[in-house]
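All remarks here apply to the structure that follows.
The values are calculated or read from the model by the stated rules, or taken from the named source; none is laboratory data. Please read all numbers here as calculations on a predicted model, not as lab measurements. Positions of Cβ are backbone-derived with ideal geometry, glycine not excepted, and every protein chain shown enters the neighbour counts. Each accessible area value is taken on the protein alone, full model and side chains, heavy atoms only, with ligands, DNA and RNA left out. Shrake-Rupley method; radii C 1.70, N 1.55, O 1.52, S 1.80 Å.
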Amino acid sequence: MTETSRMTETGAAAAEAGQQAAAPPEPTPPPPGPAYGVLGWLRWGWRQLTSMRTALILLFLLAVASVPGSLLPQQGIDPAAVQQYYASHPGLAPWLARLSLFNVFAAPWFAAIYLLLFLSLAGCVVPRAYRLARSARALPPPAPRNVARMPQSVRHQTGQDAAAALAAATAVLRRRKFRLRTGDGWVSAEKGYRRELGNLLFHLALLGLLGAVALGGLFGYKANRLLVSGTSFANTVTALDEFHPGRLVSSADLQPFTITLNRFAASYVRSGQLRGQPTSFNAYLSYSAQPGAANQRYDLRVNHPLNVDGVKVYLIGHGYAPVFKVTDGTGKVVYDQPVPFIAVNTSGLTSEGVVKVPDAKPDQLGFAGVFLPTAVDTGGTLESVFPAPLNPRVSLISYKGNLGMNSGPSQSVYALNTAGLTELPVAPRPLAPGQSIKLPGGAGTLTFTGYRQWASLAITYDPGQLPALIAGLAALAGLLLSFFIRRRRMFVRAYPGPGDRTVVDVGGLARSDPAGGFDEEFSRLAEEFRVAYAGETSEGKTD
Amino acid sequence: MSRPPHATSRVTRPGRAVWLGLLATASALAVSGCAGGAIAASTPASNGQSFVSGSPGTTLYQAGHGPAVPAVSGPLVGGGRLSLAADRGHVVVLNFWGSWCTPCREEAPSLAQLARQYGGSGVRFLGIDIRDSPASAEAFMSDFRISYPSLNDPSDNLALDFRDTVPPAGIPTTLVISRSGRIAARVIGSVTYDGLKSLIQRAVAEPG
């Protein structure tokens, strides 16, 4: 690996800083061959790890390693699918499990990749930050012997002696807030150290960003919950539909708030070309931050999350939950609850869902249904033409038999496993609220008693979010500082010239952007010097 | 032999590490700070399963060292009220369940049978019914001939009461509580007849 491919240049600002630092002051590479020794190999390994190439490879690996997570069912996301995979691939599945391919994001090899990437980035940024900190404190170098060879230079002659001329120039530079270094017959001065501070800030902010992301990944979590209006839930694992905890989150760490959905309201454009387009969604919540705390109200809207105890709750979806009441063959009410249906199209919010009645006697009952908010008969088939519930209808297919719920893999609440079921011969008549289906053979009765609306909520806790924002802003500020501030040096050398005159050579060097407007500043400063020691220009040049 | 508490309840690791990837390429701007922008859709983001099932496993606590059980009381499925403190001095089997949950239905016959067997010897059984409607819960209890009472917990307050001790990390979760009111064992996932029986015997054999 060559020196040039080392990750010494992160970002434009750093690149420019690298340019002025000439060669990176790294230890020279150890000699090749067997003379490396343990320390040499360690150093070599560290260098490989913190190189740009390695970071890019690790980044690529991270992307590749995530792929199996989307191709294979994942334990945390869909355990039922994993069990099904085991059933259909009995030979392969245990091997995939051994390689953690059913739990990719918790796999040791996945952790290895991102830990190495983290280390690689930190290993690059920390030494750079250290170097930049030193550079920001450094004194300007001594004036070169031949100041006239600087890119900008001018030669003055003055009647004052060398010491007086230098003192005059120094006073000007001091007034202009240059950092000074003086020697025998010369002054060198430098300005624009804030560029290095900006650079340093940028690098430290990058580290801060890494830390913030780690914080979020370790202590944050994401969860979802579908909530039917009129019901409540508490932020505890059993009450969540999905739960994706960070590495160090245990179920006891969840903020113990309770949320009730009092009412959900959606409004739609009623006429014109945009008919049916939603205009607003409002989930009217009441919540308490912890058991016993006062109840507060909140109107949850899209992109207007509720912030409770540092946790953000977003409104991410909505739909209808028709309410069904099922009386079984023995005359007992065995089911009476709203059932969330999922929209399959957005224009009319035609929604599908299933009703499972596992404790019906004599047989378990199952229903697969469609809810139509505004049902219209379009030539024999019912369609929903508007998303608001103007003419709600439910159409169901009825089954009896074995739902497969008394053993085996967990089921989706949105799907009916019809393998053990037989369809009942029921006339396909859509139900209006209040209407019933009497099932044949004394299997029972189902009543569509009404409907409610539901809202789905995304619950996200990311303690790294604010630190990440601050670090991001700091990185931006640092970058701007290092973009807009130039480091520039002035050198003044005074020595006796022809006659009684003193020759003053003034040189200037703009580091890091030779194309910038330094020549103007140089001319202005040189002019101030000349006036200060009452000299005249003998020769000069500017690039 | 005893595993540390909470060692069993890992569900998923998010692809948070992908953020690291963004970072590496982010030589300039930080695109942080605004995760979770929401868009209303008419479909829910859902795994289709609609509940969190914990990784199966049993956690045992040494006698007298388990977390103390919080005071739990509430309305019962089918009417009436009950308080867990009324069972102090007895070994209690506390089962979090729902009629809609397949592993709960799978373990229900074992629980019903053990409750009948141990009913005479002072071991109490109590259920906490999660995310259920009263009609379904009652149908479940009569279907599986469950004789012990269950508390109704429609807004998860009871589950929340356990957050500082041993929170149920998915459904079903079963806690075996010693006579001194401390948790002796926790089982996440379906219990088996033999498995739960040995946990009950262990708690019964505990002094005090």
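Couple of notes before you dig in:
- Gyration tensor (alpha-carbon) shape descriptor, region A:255-395, a/c threshold 1.5: oblate
- 14 Å beta-carbon shell around residue A:344, net charge (K/R +1, D/E -1): -2
- Taking all protein chains into account, the per residue accessible area for the protein assembly as shown stands at 43 Å² (1.4 Å probe).
- Other protein chain C-beta atoms within 10 Å of residue C-beta, averaged over A:324-332: 1.
- For region A:296-409, share of DSSP beta bridges that run antiparallel, in % to the nearest 5: 95 percent
- DSSP-loop trypsin sites (Lys or Arg not before Pro) across region A:124-162, with at most 13 other Cβ within 10 angstrom: A:145
- Karplus-derived 3J(HN,Hα), 6.51/-1.76/1.60, for each residue of region A:425-441, Hz, glycine and proline x: x, 10, 4, x, 10, x, 9, 8, x, x, 8, 10, 10, 9, 7, x, x
- Size estimate for the protein assembly as shown follows the Kirkwood approach: the inverse of mean 1/r over distinct Cα pairs works out to 31.2 Å.
- Mean sequence separation of contacting Cα pairs (under 8 Å, at least six apart), scaled by the length of chain A, corresponds to a relative contact order of 20 percent.
- Label separation (residue A:301 vs residue A:391): 3.2 nm, computed from points 7 Å beyond Cα along the C-beta direction.
- At an R0 of 41 angstrom, the distance between the Cβ atoms of residue B:65 and residue A:41 translates into a FRET efficiency of 0.25.
- Qualifying trypsin sites (Lys or Arg not before Pro) in region A:226-323, DSSP loop, other Cβ atoms within 10 Å at most 14: A:270, A:275
- Cross-link partners for residue A:177 among the lysines, with Cα-Cα distance under 18 Å and sequence neighbours closer than 8 places in the same chain left out: A:191.
- Anchor residue A:361: lysines whose Cα lies under 16 Å away (excluding residues fewer than 8 positions away in-chain): A:325, A:332, A:400, A:438
- Sequence of A:95, A:186 when ordered by accessible area, the most exposed leading, probe 1.4 angstrom: A:95, A:186
- Overall Cα dimensions of region A:236-301, principal axis frame, Å, largest first: 52, 30, 15
- Global geometry of region B:162-208, whether rounded, prolate or oblate, following the gyration tensor of its Cα atoms and the 1.5 cut on a/c: oblate
- Here the spin labels are modelled as points 7 Å beyond Cα on the Cα-Cβ line, and at residue A:267 and residue A:536 they lie 8.5 nm apart.
- Amide H to amide H distances under 5 Å link residue A:317 with A:456, B:41, where only residues 5 or more positions off or on other chains count and H is placed in the peptide plane.
- Counting only other chain Cβ atoms within 10 Å of each residue's Cβ, the peptide B:152-162 averages 6.
- Dimensions of region B:112-153 from C-alpha coordinates, computed as largest minus smallest value along each principal axis and given longest first, are 32, 19, 9 Å.
- Computed from backbone phi with θ = phi - 60° and the Karplus coefficients 6.51, -1.76 and 1.60, the 3J(HN,Hα) list for region B:112-123 is 4, 5, 5, 4, 5, 5, 8, x, x, 9, x, 8 Hz; x is used for glycine and proline.
- Working note: Debye formula, equal point scatterers on the alpha-carbon atoms of region A:104-241, no solvent; log10 I(q)/I(0) at q = 0.11, 0.12, 0.22 Å⁻¹ is -0.69, -0.75, -1.31.
- The charge dipole of region A:65-160, taken about its Cα centre with unit charges on the Cβ atoms of Lys, Arg (+1), Asp and Glu (-1) only, comes to about 1060 debye.
- Applying the Karplus relation 6.51 cos²θ - 1.76 cosθ + 1.60 with θ = phi - 60° to region A:308-315 yields 3J(HN,Hα) values of 10, 6, x, 9, 9, 10, 10, 8 Hz, where x marks Gly and Pro.
- Those lysines that a straight Cα-Cα span of less than 26 Å connects to residue A:312, excepting residues fewer than 8 apart in one chain: A:222
- Percentage relative contact order, region B:168-208, counting C-alpha pairs under 8 Å, at least six apart: 39 percent
- Inter-chain shielding of B:129-141 (mean C-beta neighbours from other protein chains, 10 Å cut-off): 5
- Taking 7 Å steps out from each Cα toward its Cβ at residue A:177 and residue B:147 produces label points 8.8 nm apart.
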